[in-house]
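These notes are about the structure you will find just below.
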Amino acid sequence: MSVAPRQTASFLMQRFREVGLEPDKRRGQNFLIDLNLLEILATAAGINEHDVVLEVGTGLGSLTALMAEKAGAVVTVEIDKHLQLLASEVLDGFDNVTLLRHDALRNKNNLHPAVLETVQAKLAEVPDRNFKLAANLPYCIATPIISNLLLTPIVPQSMTVTIQKELGDRIVASPRTKDYSALSIWIQAQCDAQILRTLPPQVFWPRPKVDSVIVQIVPNAEKRAKIHDLKFFHTFVRSMFFHRRKFLRSVLVAAMKGQLTKPEVDIVLTSQELGPNARAEELTIEQMLSLSEAVRQALPESDST
């Protein structure tokens, strides 16, 4: 095993200067330079030799190397070919690291198949391995990475990531608050989520204009078992928040156009004891779960399967 160089601002600036590059803001390239926080992130993920860890956004490989010292295997994904080359130098001595150069997403609703296939292959190498996501996620892809992993055949045991604070607030938000959203419901309906730490801009290079957080999301098998059709629930919840301030009835009528009539929508809402003034942002997780299943059951069989 190698020992990775310490990812400080001066180290990063020197490496970028040597190859004549600057961080790409469009790709959310903000590198965590507080060494203690890198350790905290890696430690919070609870990585051990039984784990296959997925990291999205390799950067220069400092967090990758920290995790590789503990993990059975690390699959790390970097879209930038220049960063991938720099990271490969740092990670060259780690025989348990697979460095992929891909966009981690095939599209906004799906992860790249090569990423999932590589993780699955590493899980299959040794019996009883666990899958975890641990990463300093680029802001621009954090939401689809977290959301879509919950729809894959290999749901992580945990996701421990740095993300924009605004996104972290949405993930843990309560009903009737400004941050409560489809994402809040999607995550909380099937996971236990908490913000572990708030990170100010100065712990990154270059400095972002906003605070970040380390958030941990742990899928809960008992919660997930209550959702009869994950894909339907995912689509349903998002459609309920297209116009979050509108009355739920009008949103539901529009979302189910061609599938349910207005009287059928009214029957569903009455069965859920939701009055004419109800709005999606007011519903608890349990209420949204119940409404989603009631709508799914009310659909013609061809539409609900």
Legend entry - ³J(HN,Hα), Karplus 6.51/-1.76/1.60, whole Hz, each residue of the range 282-289, x for Gly, Pro: 9, 6, 6, 4, 5, 5, 5, 4
Inset, instruction - Using amide H atoms built 1.01 Å from N in the peptide plane, name the residues 5+ places from ARG106, or on other chains, whose amide H lies under 5 Å from its own. - result: LEU111, HIS112
Inset, instruction - Would you calculate, for the chain, the mean residue ellipticity at 222 nm contributed by helices, counting each DSSP H stretch of 4 or more residues as -39,500 (n - 2.57) and dividing by all residues, to the nearest 500? - result: -11500 deg cm²/dmol
Legend entry - Set of lysines with alpha-carbon distance to LYS70 below 24 Å, sequence-local pairs under 8 removed: LYS122, LYS132
Legend entry - Amide H contacts under 5 Å for SER212, placed H, 5+ residues apart: LYS165, LEU199
Inset, instruction - Among the chymotrypsin sites (Phe, Trp or Tyr not before Pro) in the range 210-251, which ones are in a DSSP loop with at most 14 other Cβ atoms within 10 Å of the Cβ? Mind listing them? - result: PHE242
Inset, instruction - Could you list MET256, MET13 in order of exposure, starting from the residue whose Cβ has the fewest other Cβ atoms within 10 Å? - result: MET13, MET256
Legend entry - Note, ³J(HN,Hα) from phi for the range 250-262, Karplus 6.51, -1.76, 1.60, rounded to Hz, x at Gly and Pro: 5, 5, 5, 4, 5, 5, 9, 4, x, 10, 10, 7, 4
Legend entry - Residues THR76, THR143, sorted so that the one with the fewest Cβ neighbours within 10 Å comes first: THR143, THR76
Legend entry - Mean-position separation - Cα centroids, the range 277-294 and the range 125-203, in angstrom: 22 Å
Legend entry - Point-charge dipole on Cβ atoms (K/R +1, D/E -1) for the chain, about Cα centre, debye to 20: 1080 debye
Inset, instruction - Using amide H atoms built 1.01 Å from N in the peptide plane, name the residues 5+ places from PHE131, or on other chains, whose amide H lies under 5 Å from its own. - result: VAL52, GLN157
Legend entry - Sorted by Cβ density within 10 Å, fewest first, the residues ASP128, ASP229: ASP128, ASP229
Inset, instruction - Please label the shape of the range 230-304 as rounded, prolate or oblate, based on the square roots a ≥ b ≥ c of the eigenvalues of the alpha-carbon gyration tensor (a/c under 1.5 means rounded; beyond that, a/b larger than b/c means prolate, else oblate). - result: rounded
Legend entry - Cα gyration tensor, the range 7-68 - rounded (a/c under 1.5), prolate or oblate: prolate
Inset, instruction - Could you tell me which of rounded, prolate or oblate describes the range 9-223, using a ≥ b ≥ c as the square roots of the eigenvalues of the alpha-carbon gyration tensor, with rounded for a/c under 1.5 and, failing that, prolate when a/b is larger than b/c and oblate otherwise? - result: oblate
Inset, instruction - Read phi for every residue in the range 137-146 and hand back ³J(HN,Hα) as whole Hz from Karplus 6.51 cos²θ - 1.76 cosθ + 1.60, θ = phi - 60°, with x for Gly and Pro. - result: 6, x, 3, 5, 10, 4, 4, x, 5, 5
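FYI, it's all coordinate maths here, none of it is from the lab. From a predicted model like this one, the values you see are computed outputs, not experimental measurements. Here the Cβ is made from the backbone with ideal geometry for all residues, glycine too, and neighbour counts use every protein chain on show.
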